[in-house]
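Below is one structure, written out as structure tokens; comments come after it.
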Amino acid sequence: MRKKRIIHILGGSKFGGIIYYLAYLIERQLKEGYEISILAENEKVKDYFKRNFSHIKIVDTKNAYKREISPIYDILALFRTIKVLKNYDIVHTHTSKGGFIGRLAAKIRRIKLIIHTAHGFAFHEYSSKMTTLFYSLLERFASYFCDKIIILNKKDLDLAKKYKIGNEKKLKLIYNGIDWKKIENIKPDFSIRERFNLNKEDFLITFVGRLSKQKNPEILIWAMKELLKEKIDRKVFLLLIGEDMDMKERLTKLINDFKIKDYVAFLDFIPDPISIIKASDCFVLPSLWEGMPIALLEAMASGVAIIASNIKGNNEIIIDGVNGLLFSPTNYQELKEKINLLIKNEDLRKKISLKAKEDVKKRFNKERFQEETMRIYEEEIIKRKKRINYSSYLNSFAKRFFDIIFATFLLIFFLPLFIFITLIQLFFFQRKVFFIQERRGKDFKIYKIYKFRTMKINAPPLKREDGTSLYLKKDPRITPFGKFLRIFGLDEIPQIINVLKGEMSIVGPRPDEVLPLEIYENKNKFFARPGLVSLAIVNGRNRLSLKERNEIEEFYVKNASFLLDLKIIFKTILVILKKEGIYNQEVCDEKPLSFNLKWRKRDEEVSYFS
């Protein structure tokens, strides 16, 4: 049996917590027999995986991934990623840039299963409204091209729901996990204290992270300046460990300006700083934004007292005063006070560090993280096995791209007619111009369909035996203008909005009213977005029974293609011009019907006899 082939896309990601996240996941996937590749461009990242995982393949896109938005390089990265993704069963993307380009490339390649982990969105608490809008729209767009989005903290989950980044079924909250047993066996490296002339009683503060705006190390320098003004009976020393992201020079200048260079030191990037953290008295993570920081979890497992910024992710791990201390990431005075509290209160240090260690073992262990993540793989794979062999074109980027372009064209083309019909509708119905009704769409999701109102207000629904609507040639419920709209299908124009929203497609199965699912012999039509036009329209339209319509739509779901869609569009125009299949009964053959309708500002009672 062939192994499942999976590729993790990191793009140009720097070395950080995401690498350990991926390492724990790969560890489990190798045990389960996956054939694994990693798309990475950073040399430190590639070296780490080469050293620790000899059985995985490293691929790259020759430095096409850039951290900032760069249209030329981003397009280049897209084409190179598409080329790389040949013959993979699963694509799992990470980071904002890798996630956007990787998901798009995977969809174009028609990868069977696409998963994305959001290690914190590109927008956050300190983003401007324009930045938040821009990046949330990009994330929302990219969410259409994956099957599952793993979120690392509740705040980001709320943001995803707020900005409609994937529907609730697509989103899954899974906290990070670490190998606390491995950390427990690492011994402290007390030589680090000797290196900086610190004795046992001196208080060593450690920071681990990139020297970047996000990690906010500058606030530690300000806090140290204020702390050293205090009367403390021991030496206090700050050690900053991490790769310089063009910030070290600025930090060094501050240290010199504050005349505290004897109390602060830098260490370059260290792949595994646990032994140094264990030799410290306190670990501080002052980040402005995070996803679910691995460094914080590892520091907790190391048994040192923790101080962290009170931001999303951090404050779902740390409970202030219980397993650590929290402070505002813009208030260096508060940070100074928290550090001072730990210096003076050894009992508090011991208490919160023990509780932190206990919490990591219970809530943030790698076994729980691995199990929950792999369960997503298994569930999605099982779902696909249960599905019919439907056309991959149905949910492809090409079809969605065509929908957006064609719907935009239709909107512009029909805009004068849309305005004209709206004005006439306002005359007849005042503010109730549109008919809005719930329909069942792709993946059984309920959405609201928009149409021009053709029936008088309060008109009761008439149904056939199978639950579908009854369309009568002489129907007292329909206005004269409404009858004209129905004959030429003009009442359907507002559904262009549904297409642009992604709830419908230009061509697809016909959107049914919300009927009980048990009445469907098969439910295959719900694997596709409902269509503005459909194969059923050109093969009987409203004359078809629900069963006949489902059989036709099952054929479409299995055989959908761009060419078939074009044929359906052209044939639909002919059907409308020929006025075929508008009614499913000439007259009502039921008992006499009486309607109390509201029409043109007055009530109207209508008795209709067959």
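The values are calculated or read from the model by the stated rules, or taken from the named source; none is laboratory data. As the structure is a computational prediction, the values presented were derived from the model and not from experiment. Please note: Cβ atoms are built from the backbone with ideal geometry, for glycine as well, and neighbour counts cover all protein chains shown.
If you filter segment 181-200 down to residues that are of a type in the set (A, V, I, L, M) and farther than 18 Å from I260 by Cβ, you find that the one that is nearest to the chain's Cα centre (by Cα) is I183. Within segment 66-105, the set of residues being within 14 Å of I38 (Cα to Cα) and crowded, with 23+ Cβ neighbours inside 10 Å comprises T81, V91, H92, T93, H94, T95, G98, G99, G102. For segment 406-415, the criterion of being among the small types (G, A, S), over 24 Å from K523 (Cβ atoms) and at pLDDT 90 or above is met by at least one residue. Restricting attention to segment 1-22 and to residues that are under 19 Å from N87 (Cβ atoms) and touching a strand residue (DSSP E or B) at 6+ places or on another chain (Cβ under 6 Å), the residue that is surrounded by the fewest Cβ atoms within 10 Å (Cβ to Cβ) turns out to be K3.
Considering S280, S287, S328, S309, which residue is more than 25 Å from K155 (Cβ to Cβ) and of a type in the set (G, A, S)? Let's see the steps before the verdict.
On the way: S287 fails: more than 25 Å from K155 (Cβ to Cβ); S328 fails: more than 25 Å from K155 (Cβ to Cβ); S309 fails: more than 25 Å from K155 (Cβ to Cβ).
Step by step, each of S280, S287, S328, S309 is checked, and only S280 is more than 25 Å from K155 (Cβ to Cβ) and of a type in the set (G, A, S).
E438 meets the conditions (1) touching a strand residue (DSSP E or B) at 6+ places or on another chain (Cβ under 8 Å); (2) in a helix (DSSP H, G or I); (3) touching a residue at least 40 places away in the same chain (Cβ under 8 Å) in every case but one. The failed one is (2).
Contact map, segment 150-170: first residue assigned by TED's automatic domain parsing to the domain that holds L138, second residue in a loop (DSSP other than H, G, I, E, B) and surrounded by fewer than 14 Cβ atoms within 10 Å (Cβ to Cβ), Cβ cut-off under 8 Å, separation 6 or more or different chains; pairs are K161/E168. Considering (1) of a type in the set (F, W, Y); (2) more than 28 Å from the chain's Cα centre (by Cα); (3) at pLDDT below 95, the lone condition that F141 does not fulfil carries the number (2). Counting only residues that are among the aromatic types (F, W, Y) and either loosely packed, with under 14 Cβ neighbours inside 10 Å or more than 19 Å from N310 (Cα to Cα) (or both), segment 185-239 holds 4 of them.
Please work out which residue is modelled with the lowest pLDDT, limiting yourself to segment 201-218 and to residues that are charged (D, E, K, R), over 26 Å from the mean Cα position of the chain (by Cα) and part of a loop (DSSP other than H, G, I, E, B).
Looking only at segment 201-218, we keep the residues that are charged (D, E, K, R), and these are 201-202, 210, 213, 215, 218.
Imposing the further condition that a residue be over 26 Å from the mean Cα position of the chain (by Cα) reduces the set to 201-202, 218.
Those still in the list that are part of a loop (DSSP other than H, G, I, E, B) too: 201-202.
On the way: E201: 92, D202: 95.
Selected residue: E201.
With respect to the stated conditions, K567 is surrounded by fewer than 16 Cβ atoms within 10 Å (Cβ to Cβ), at pLDDT 80 or above and either touching a Cys at 6+ places or on another chain (Cβ under 8 Å) or more than 25 Å from P461 (Cα to Cα) (or both). Candidates F429, F444: the one that is under 21 Å from the mean Cα position of the chain (by Cα), hydrophobic (A, V, I, L, M, F, W, C) and at pLDDT below 90 is F444.
The rows are residues; the columns are (1) among the hydrophobic types (A, V, I, L, M, F, W, C); (2) crowded, with 22+ Cβ neighbours inside 10 Å.
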position	(1), (2)
S505	no, yes
E513	no, no
E518	no, no
N524	no, no
F527	yes, no
L532	yes, yes
E548	no, no
E554	no, no
A560	yes, yes
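Would segment 166-189 turn up any residue that is over 30 Å from T373 (Cα atoms), among the hydroxyl-bearing types (S, T, Y) and touching a helix residue (DSSP H, G or I) at 6+ places or on another chain (Cβ under 9 Å)? No, every residue in segment 166-189 fails to be over 30 Å from T373 (Cα atoms), among the hydroxyl-bearing types (S, T, Y) and touching a helix residue (DSSP H, G or I) at 6+ places or on another chain (Cβ under 9 Å).
When the residues of segment 63-108 are filtered to those that are touching a residue at least 24 places away in the same chain (Cβ under 8 Å) and of a type in the set (F, W, Y), the one that is farthest from A142 (Cα to Cα) is Y88.
If you check A122 against the conditions, is it more than 21 Å from G17 (Cβ to Cβ) and either small (G, A, S) or part of a strand (DSSP E or B) (or both)? It is false that A122 is more than 21 Å from G17 (Cβ to Cβ) and either small (G, A, S) or part of a strand (DSSP E or B) (or both).
Kindly check whether there is at least one residue in segment 110-127 that is under 13 Å from the mean Cα position of the chain (by Cα), among the polar types (S, T, N, Q) and surrounded by 23 or more Cβ atoms within 10 Å (Cβ to Cβ). Yes, because at least one residue in segment 110-127 is under 13 Å from the mean Cα position of the chain (by Cα), among the polar types (S, T, N, Q) and surrounded by 23 or more Cβ atoms within 10 Å (Cβ to Cβ).
In segment 23-55, of all residues being aliphatic (A, V, I, L, M) and closer than 15 Å to Y377 by Cα, the one that is surrounded by the fewest Cβ atoms within 10 Å (Cβ to Cβ) corresponds to L30.
Residue-wise test of (1) at pLDDT 95 or above; (2) part of a helix (DSSP H, G or I); (3) farther than 25 Å from S191 by Cα.
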position	(1), (2), (3)
S275	yes, yes, no
A295	no, yes, no
A299	yes, yes, no
E334	yes, yes, yes
L342	yes, yes, no
